[in-house]
1. If you fit an axis through the alpha-carbon atoms of helix 41-64 and take the longest principal axis of the Cα set of the chain, what angle between them do you get, 0 to 90°, nearest 10?
2. Just to confirm the filter: which GluC sites (Glu not before Pro) across region 79-156 are DSSP coil and have at most 11 other Cβ within 10 angstrom of their Cβ?
3. Which ³J(HN,Hα) values in Hz, rounded to whole numbers, follow from the phi angles of region 31-36 under the Karplus curve 6.51 cos²θ - 1.76 cosθ + 1.60, where θ = phi - 60° and Gly and Pro get x?
4. Please list, in order along region 126-135, the HN-Hα scalar couplings obtained from phi with the Karplus expression 6.51 cos²θ - 1.76 cosθ + 1.60 (θ = phi - 60°), rounded to whole Hz, x for Gly and Pro.
5. Mind pulling the angle between the C-alpha long axis of helix 81-106 and the longest principal axis of the chain? Nearest 10 degrees, somewhere in 0 to 90.
6. Which value in nm describes the separation of the simple spin-label points at GLU119 and TYR131, placed 7 Å from the Cα toward the beta carbon?
7. With an 8 Å Cα cut-off and a minimum separation of 6 or more residues, compute the relative contact order for the chain in percent.
8. Over all directions, average the projected area of the Cα convex hull of region 3-153 and note it in nm².
Amino acid sequence: MTERETTRLVAWSQELRRVHHRLREALSVTRASLADGTPGEAATRELLLYCHGFCTALDGHHQGEDRTLFPAIAAAHPELRPVLRSLEQDHSMIAHLVGSLRAAVDRAAPPEELDQHLEGIAAIMENHFRYEERQLLTVLETLELAAVPGEVLGPL
């Protein structure tokens, strides 16, 4: 194996960390926009933009994992299938929470309610990311997967 191939293999673990970091930042920006509390139509549009961007990025990340990354890991490491099932269940739960947030944003729910939605997503998302990193980063350092990172880990 060449040095370049080794670098690409390790890059999957680094890329996952980068994507998780960007998603955490996107959630932070979304929550800060809500906490700003600036009244009016401009503030509502800004919050809609942040929520839409964050929700789309998070959904894309999980769909890419479910569609491409997890099947590759399961093929190379069948012993991790229970871990992958648990992570996929988290994806489903997070998608439900994100759907509830989108519905609340669409009906212009009050800031307190939106913050509750974001708090719930933040708690589950952080727990999920930490578990995923503990369970998969070492595996990702040796995973041979010829794919575009955006297709595997989402459009972030």
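1. 20
2. Sparse-neighbourhood loop GluC sites (Glu not before Pro): GLU144.
3. 5, 5, 4, 5, 5, 4
4. For region 126-135, the Karplus-derived couplings read 5, 4, 4, 4, 5, 5, 4, 5, 4, 7 Hz, x marking Gly and Pro.
5. With rounding to tens, the tilt is 20 degrees.
6. 2.2
7. 45
8. One quarter of the hull surface, i.e. the mean projection, equals 9.0 nm².
Readers should treat all values here as calculations from the given coordinates under stated rules, not as data from a laboratory. Bear in mind the structure is a predicted one, so any value in this text is a computation, not a measurement. In this analysis, Cβ positions are derived from the backbone assuming ideal geometry, glycine residues included, and neighbour counts consider all displayed protein chains.
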